[in-house]
Each structure stands twice: as structure tokens, then as C-alpha cells.
Amino acid sequence: MTDEPAINAAIDAATIEPRKYAKIDHIALAVIDLEKAVHLFTNVLGFSLIRRRTIKGEQTGMISAELEHNDIKFVLCQGTEPASQVSRLIENFGPGIAHIALAVDDAEMTAENLAEQGMLFDTNVIKGAGLRQVFSSRDHNSGMCFEFIERTGEEGFLQENVQELFSQLEKKGAF
């Protein structure tokens, strides 16, 4: 007796175009206390604090800190009130990984290809000068959310892009 679903899954996997992720661009962490997290990363682990941001949506907000050591980047995020996306993420999944950003050559094409494979997205492609980003919906089995980021000159994060991300997630009610 053959196992048709397993055979079909193997055939489907063999026909999927290989993904082209260059590297992990950064990891965003949802934290309960931003100052304690910044202290851990800077004073204990030796990361440099690059910048802080305050983002305000129509109803909620977020504060964040970008940290870097060599080519390793973390973005620490804290909600500013219980209804904030970050606060809701922590309430539902606990503190930890908010998303992992994978560097790609073409954010739009990556999103199209992954959508064809069944991946859902919480944002449209967010376009900024030298930076394009798109964020998957959170997988409720693993708790994972992915960002696919295309950099064409911008090495950091644009305030406008972060604000647009926050606005799109707030409108969708996503975290």
C-alpha cells in the first residue's frame, strides 16, 4: 500500500523553487521592560545601542531600541499600553521573538511566491528609500512571524517604514 499524501508532499516539495534568503537581517524581540532588555544587551552582552524609537498609532504605541554587534542586529520592542500589538503578542505568546527578518533580493516577488505556497501576510510590501519590507502572518503553531527585507542602500530602519508597519498591523488587528 502506497502513502499517496507523503508521495504528493515529496513531489510538491521537489517542484517548489528554492528560496533565496541571503542571511538573517535582524531579529525583533518583544520585551516586557525595554530598559532591562537594553541593559542586558549593552552592559552584559556588549551590543551597541544604535537608536531608540517611539511609534504612535491611532490607538496604541510602541517603544523600541535597535542594537548591533558586528553584523548581528536585534530590535527590542515594548508596547506602551495593554492594547498595543507588542503587549498583545506577549500576552498570547510570551516575551521573545516577535519576528525574524530574512534578507531577500526582491521582497515583492518573495511575498508572491510564498503566498502561492499558502503563506499569509499581515502587511502589503512597505516601500521606503533603499528598503522594502513585508511581514507574514503569525503562525499559531510555532508562534513565528517572518519579515522579508530587501535592502538597496538603507542599512538601518526608516521611521516612515516602521510607522507604516505599525499602522498596517493596527488596522488589521494583527500582532
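Figures for the structure shown
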{"read-out": "Label-reachable residues, segment 87-122, where backbone N falls under 14 Å from a point 7 Å from LYS171's Cα toward its Cβ", "value": "122"}
{"read-out": "Amide H partners (placed H, <5 Å) of PHE47, local residues excluded", "value": "THR42"}
{"read-out": "Overall form of segment 20-87 per C-alpha gyration tensor (a/c, 1.5; a/b vs b/c)", "value": "oblate"}
{"read-out": "Computed lengthening from GLU155 to ILE50, 0.36 nm per intervening residue step minus Cα-Cα distance", "value": "36.6 nm"}
{"read-out": "Simple spin-label estimate for LEU120 and TYR21 in nanometres, 7 Å along Cα-Cβ", "value": "2.1"}
{"read-out": "Farthest positive-ward along segment 93-139 dipole, Cα basis, beta-carbon charges - from PHE93, ALA115, LEU131", "value": "PHE93"}
{"read-out": "Total charge dipole magnitude, the chain, about the Cα centre, Cβ charges on Lys, Arg, Asp, Glu only, Debye to nearest 20", "value": "600"}
{"read-out": "Cα centroid separation - segment 25-52 against segment 99-159, whole Å", "value": "22"}
{"read-out": "Residue-wise HN-Hα coupling along segment 68-77, computed from phi with Karplus coefficients 6.51, -1.76, 1.60 (Hz; x: Gly, Pro)", "value": "8, 8, 6, 10, 9, 10, 10, 10, 9, 10"}
{"read-out": "Computed Kirkwood radius, in angstrom, where 1/r is averaged over Cα pairs of the chain", "value": "17.2"}
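Values quoted throughout were computed directly from the atomic coordinates according to the rules given, and no laboratory measurement underlies them. Since we're looking at a predicted model, the values are computed, not measured. Positions of Cβ are backbone-derived with ideal geometry, glycine not excepted, and every protein chain shown enters the neighbour counts.
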